[in-house]
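For reference, the structure discussed in these notes is given below.
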Amino acid sequence: MASTEEEAFSLFSSLRHDRLLLQSPENTTASGSTTPCPFYLLEYHRDRMVRAARHFEWPEAITASLEDLNGFRRACEEAVGTQTCPLRVRIVLSPEGKLSATAGPIPPVPVTTLFPSALPNPSSLSSPPLWKIHIDTIPTPASPFTSHKTTFRDHYDAARLRTGITSLTDTTEVVLWNEDGVMMEGSMTSVYFWRDGGWVTPSLESGGNNGTTRRWLLEKGMVVEAVVRKESIEAGEVMLISNGVRGIWVGIVVG
């Protein structure tokens, strides 16, 4: 039986607003455009939300400014207002098609963290990664709530609690795996593993979300999709993780 949270969920996406992005030719308003945009991969966030609205068959949500990228951008701009510091913008879409956004300050990062020209070889790192990555202790069943980004996040919250992650500021992540022992994604990130001389990310068939930065890396050919099994992961191995607020960064598996 579905819980109250499952029955009453909304869609959401979190993205970065940063005036530094106006200097990046990669971060344009939309595909085929040359206009710089201060919102990190704005079109990709809109696309992901549209796909989720279609999956859940929310017709009002599909047409609520989402097919029009300008409407999606206006909601983000209203949340940002006159603020000029880097911001995390959280945009939420209800089943009835109500679009809302909030914004809060986040630390600065270099543009190379958002749009690297290449990904590092783990053997080239000069110092151990600061981020610690745990592999969850029990499986999480793949479902529409792992494949799409929604406000129903009990499974992610439970994984974080099992690992002892108590704050969004913790430099720790936990990676979820499905009932077949196949890796899916992090509680707040897409994940990448070094295999056979290159970076791979779990295929969407495993049940994980199609993250925005993940999509960019795939399109650039910096990563490829692959099945990554839980038993193949070793403590001490270097991983990459990414999301639409912080970009791409390095972590190390600690268990």
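Every number in this text was worked out from the coordinates using simple rules, so none of it is lab data. All of these numbers come straight from a predicted model, not from anything done at the bench. Positions of Cβ are generated from backbone atoms using ideal geometry, with glycine treated the same way; all protein chains shown enter the neighbour counts.
From the C-alpha coordinates alone, can you work out the Kirkwood hydrodynamic radius of region 4-107, in Å?
Values: mean 1/r = 0.0712 Å⁻¹.
Evaluated over region 4-107, this radius sits at 14.0 Å.
What are the equivalent ellipsoid semi-axes of the chain, built from the alpha-carbon gyration tensor (square roots of five times its eigenvalues), in whole angstrom, biggest first? Don't jump to the answer; show the numbers that get you there.
Working: eigenvalues 153, 108, 54 Å².
Those come to 28, 23, 16 Å.
Please work out the Kirkwood hydrodynamic radius for region 50-179, using every pair of different C-alpha atoms, and report it in angstroms with one decimal place. Don't skip to the end; give the middle numbers.
Values: mean 1/r = 0.0557 Å⁻¹.
Result for region 50-179 stands at 18.0 Å.
Taking 30 Å as R0, compute the FRET efficiency from the Cβ-Cβ separation of THR151 and VAL80 and round it to 0.05.
Values: r = 21 Å, r/R0 = 0.71.
My answer for the efficiency is 0.90.
Where does region 151-255 land on the Kirkwood hydrodynamic radius, alpha-carbon pairs, in angstrom?
On the way: mean 1/r = 0.0716 Å⁻¹.
Its Kirkwood hydrodynamic radius stands at 14.0 Å.
Express in nm, to one decimal, how much length is gained between GLU219 and THR169 on full extension, taking 0.36 nm for each residue of separation and deducting their alpha carbon distance.
So the extension gain works out to 15.0 nm.
Using the Kirkwood radius over C-alpha pairs as Rh, can you work out the diffusion coefficient of region 140-185 via Stokes-Einstein at 10 °C, viscosity 1.306 mPa s, in µm² per second?
Details: Rh = 11.4 Å.
In µm²/s, the coefficient is 140.
Given the -39500 (n - 2.57) contribution per DSSP H run of 4+ residues, what per-residue ellipticity at 222 nm results for the chain, rounded to the nearest 500 deg cm²/dmol? Provide the component values of the computation, followed by the final result.
Values: 8 runs with 61 residues, N = 255.
Helix-only estimate at 222 nm: -6500 deg cm²/dmol.
For LYS98, go through the lysines and keep the ones whose alpha-carbon is under 21 Å away, minus same-chain ones fewer than eight residues off.
LYS149
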